[in-house]
Ligand code: PSU
Ligand code: MN
């Protein structure tokens, strides 16, 4: 780790020193995923949920070109209100560093920074994947999952993506897709997609033993844990699918592509669902933070330490 590019908060430094359970959190959801003030509240709520479980949250972001591992309330405010923040995936770090920019890290960006800092568990909402808009667009998140040994908790992926193609890519790259208490790959807003996970596991302990077995074999890929949205907040496919289809059509007719595509689709879905999707989004993010904290505790426990 080149320390000159990183600033690790005192809380995270202490947690690393004492081998306390730590959960990394991404920040593209703050800079590009949710509107103000929901983004600030969400970041605070996710951190609070992780603390409640007895783990330590590490929100990762770029501020003035420094990779921050753990940010204060003031820094969160600055990030949430940043003008033109960079969406920091893997290839964007060096640009943000040399130009001293602010930015939110994607799943791939967060995994890179968390790995460098020695954090093994990460909670997010949905991963990027293979897009379905027609031309080739595959998120770097899939490459990061392919080569970063980390437990990543998400609620599956939105059906703004080509979900079967995304799952095929993960299989090719040796990324186990774990269904937490489910056999089916969850589609973010809904608990079902009609697609199978590669393994169902029902407890944090089983997930950690599974990760150990995977990494014992010398594999470097991540373990993708998919945690379905709580039933009460799941949106019926009949309601959300047409909204997603409309958002996708709008993106194509406005010729939106590249890094701008995912943020455009997310914002359009929020608008078209009149806030219903936003509420579900917040609930599932918190739900993932809680599961990730439980997993992080097992990772550092006597049992986990022997195992992982
Ligand atoms: N999917 C979501 N919500 C999100 C993202 C994806 O449902 O906030 C964000 C994540 O940060 C993810 C990134 O890593 O978008 C993927 O962007 P791209 O497809 O440009 O790689
Ligand atoms: Mn892309």
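The P(r) of the range 55-108 has a tail past 15 Å containing 40 percent of all C-alpha pairs. Pair-distance distribution of the range 87-170: all C-alpha pairs, bin width 10 Å, starting at 0; shares per bin in whole percent are 17, 47, 30, 6.
Computed over the range 153-229, the range of Cα coordinates on each principal axis works out to 34, 26, 15 Å, biggest value leading.
Relative contact order, whole percent, for the range 148-203 stands at 34, derived from Cα pairs under 8 Å and 6 or more residues apart. DSSP assigns beta bridges within the chain; of those with both partners inside it, close to 30 percent run antiparallel. Its alpha carbons give the range 206-308 an Rg and a Dmax of 18.6, 55 Å. Entry note, the chain: relative contact order of 20 percent, from Cα contacts under 8 Å with a spacing of 6+ residues. Beyond 23 Å, the tail of the calculated P(r) for the range 111-252 holds 33 percent of the Cα pairs. Debye-formula intensities of the range 231-285, expressed as log10 I(q)/I(0) at q = 0.22, 0.25, 0.30 Å⁻¹, are -0.83, -0.99, -1.20 (one equal scatterer per alpha-carbon, no solvent).
Taking every DSSP helix (H) stretch of at least 4 residues in the chain, weighting each as -39,500 (n - 2.57) and dividing the sum by the residue count yields a mean residue ellipticity at 222 nm of -14000 deg cm²/dmol.
Taking every alpha-carbon pair within the range 26-77, the share separated by more than 13 Å comes to 58 percent. Compute the Rg/Rh shape ratio of the chain: radius of gyration over Kirkwood radius, all on alpha-carbon atoms. Using Cα coordinates only, the ratio equals 0.94.
With the highest mean first, a sort of the peptides 35-42, 291-298, 162-169, 22-29 on other beta-carbon atoms found within 10 angstrom per residue produces 22-29, 291-298, 162-169, 35-42. Panel order for 98, 300, 175, by other beta carbons found within 10 Å of each beta carbon, from fewest to most: 98, 300, 175.
Projected area of the range 1-139, taken from the Cα convex hull and averaged over every viewing direction, in nm²? Provide the component values of the computation, followed by the final result.
On the way: hull surface 34.5 nm².
The directionally averaged projection comes out at 8.6 nm².
Descending by average beta-carbon neighbour count within 10 Å, the peptides 48-54, 276-282, 101-107 line up as 101-107, 276-282, 48-54, the highest first.
Laboratory data are not the source of any read-out in this text; all were calculated from the coordinates shown. On a predicted model such as this, the values are computed, not experimentally measured, just so you know. Neighbour counts are summed over all protein chains in view; Cβ atoms, including those assigned to glycine, are modelled from backbone coordinates with ideal geometry.
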